[in-house]
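The structure appears right after this line, and notes come after that.
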Amino acid sequence: MSNFIIPPVFCLLLAAAMPGAAFGATPAPGASADATPPNHPAITKIVDGGGCAPKDNMARILKSAHPLDYVPNWSKTNYLGTGWTFMPKRYVVTELAGGIFMQGNLIATRGGTTDRNVFILFSEWDCAG
């Protein structure tokens with residue numbers, strides 16, 4: 001009977017000691033998943049500075065923190081003008097997708113929010129703050 005109890009108990013102890021490791025989450029030691037990455041501006045600084053602007057019309061609007069997961073109305077032939085604004089809520093750092101993303105709201109040139117809780121690839125936007 002002990003042969004059937006020990007492996008599951010060991011797995012539970014391991015999962016409790018290393019939360020997130022089984023799901024591919026690899027935040028830096030002592031950092032949370034939403035923490036500001038090194039050498040990047042804080043979210044509050046970006047928001048206070050008016051948000052982010054696309055570097056060119058090739059900036060992508062994504063459904064998740066994956067570079068190929070486009071929001072349907074922003075895929076392939078629909079391009080974003082450089083007058084649009086992205087107002088971030090948090091950073092998302094993923095090792096699998098190979099980049100630093102931000103989640104937030106997309107604001108049109110006339111000031112209205114068009115897409116909520118979408119993702120951008122940080123390197124495609126000017127978020128100097």
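Taken together, the values in this text are just the output of simple stated rules run on the coordinates, not laboratory data. Please read these numbers as outputs of a predicted model, since none were measured by experiment. Because the Cβ atoms are built from the backbone with ideal geometry, glycine has one as well, and the counts that use them run over all protein chains shown.
Observations on the structure shown:
- Shown is the FRET efficiency for Ala53 and Arg116, computed with R0 = 25 Å from the Cβ-Cβ distance and rounded to the nearest 0.05: 0.85.
- Once the C-beta distance of Asp34 and Ser64 is scaled by a Förster radius of 22 Å, the resulting FRET efficiency is 0.90 to the nearest 0.05.
- Distant-in-sequence amide H partners of Ile61 (H built 1.01 Å from N, under 5 Å): Val71
- Extension gain (nm, one decimal) between Ala128 and Lys45, 0.36 nm per residue minus Cα-Cα: 29.0 nm
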